[in-house]
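The values are calculated or read from the model by the stated rules, or taken from the named source; none is laboratory data. A quick note: this is a predicted structure, and the numbers were derived from the prediction, not measured. Cβ placement follows ideal geometry from the backbone for every residue including glycine, while neighbour counts extend to all protein chains displayed.
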Amino acid sequence: MARKRTILDCYTDEPAGLGVPPFLGVWPRYVAGRYRDEPAYLSIDDVRLANWKGRIRAATVDPPTGKTRIDLLNTTGTVEQTAEVLKQSDQLIVILGVQTPGKYLSAVPGTPAEVTKLLRRFKFRKVLAGPVVSCGTQLRGGARAEQADGTSFDELRDVDFDSYEELQPIALKGARILGQLPAKANRVVEIETGRGCPRLEGCSFCTEPVKNPLQWRNAPEIIEEVDSFMQLGAQAFRLGKQSCIFSYEGGDIGKLEQMLSGLAGLRPEVLHIDNVNPCMVNEERTKLFVKYLTPGSTAAMGIESFDPKVARLNNLN
């Protein structure tokens, strides 16, 4: 039976959460987990290649013979397969939103204007979801955020949940879309550990305090999701979707060790972390991360400037 619902992953990048390849973000998974039947999964690269077929000679050309097309590098299937999925779809859910513009080495996130152009000829129902709906998107640093355009989509959908207890079955069920990615993808799975910001006033550049109240996900739920992904073949994980991993459960050493030791006990090949507030870094917490993380992990401090005036004006941490 044809699948009628399709997710189009345009790769999200938030201050607290990365879904640009090689990372697999949470939003396509959370959307997929809300449905009984598994939606089809396409990347923005799939749709780009299907649209440009005949106008390019090769999807990717690697040095020394040419330049790698990173905007077409992360396809999940052939042009013919993509065309068939789109033909069978009666609803396309577009996951989109970049809020921390950067230099991407192996992918190019999609924009509302690009997606609108690529999908113009299709008659299925178009739903826009992801960070773009809550806070907008922008690929250029320092530029005003581009807001979600309701005129080009049939629905704007804010993918949200009230508690991690509500999210858990959705997150576990949504893990299944990993099976639609080719083995060559080698994705690092982003795992949510918390949301919101523990600071009384967040940094001026960060959207996390605006979007969510502070909430931490308990260790057994985090471990259960990683275990479900490992059963599907994933071996690389990053503890993300929080403004400061050192602040997990208020920086409680016992709860931090419960989470980290449980994850390390699953023996993933890669277990790394993301954002850290420098004010929360101390020897005791650092020793835990050194003990349980795999080699190569770094703590992103987010020190945008050492100029005291700049730090004061932007409430930097």
Number of positions in segment 7-42 that are buried (at least 24 other Cβ atoms within 10 Å of the Cβ) and among the charged types (D, E, K, R): 3
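Quick check on segment 253-274. Is at least one of its residues at pLDDT below 95 and in a loop (DSSP other than H, G, I, E, B)?
yes
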How about segment 73-96: which of its residues are part of a loop (DSSP other than H, G, I, E, B) and either over 23 Å from L156 (Cβ atoms) or touching a helix residue (DSSP H, G or I) at 6+ places or on another chain (Cβ under 8 Å) (or both)? L73, N74, T75, T76, G77, T78, L96
Selected residue [surrounded by 12 or more Cβ atoms within 10 Å (Cβ to Cβ) and either over 29 Å from A175 (Cβ atoms) or of a type in the set (G, A, S) (or both)] from M230, M280: M280
Can you tell which of V115, V132, V94, V98 is surrounded by 20 or more Cβ atoms within 10 Å (Cβ to Cβ), closer than 28 Å to A145 by Cα and touching a Ser or Thr at 6+ places or on another chain (Cβ under 6 Å)? V98
Residues of segment 143-196 that turn out to be under 18 Å from K211 (Cα atoms) and in a loop (DSSP other than H, G, I, E, B), as a count: 12
Taking into account only those residues within segment 233-255 that are of a type outside the set (D, E, K, R) and without any contact (Cβ under 8 Å) to a residue 40 or more places away in the chain, which is surrounded by the fewest Cβ atoms within 10 Å (Cβ to Cβ)? G254
Specify the residue that is surrounded by the fewest Cβ atoms within 10 Å (Cβ to Cβ); the eligible residues are those in segment 135-167 that are in the same structural domain as G102 (by TED's automatic domain parsing) and small (G, A, S). G142
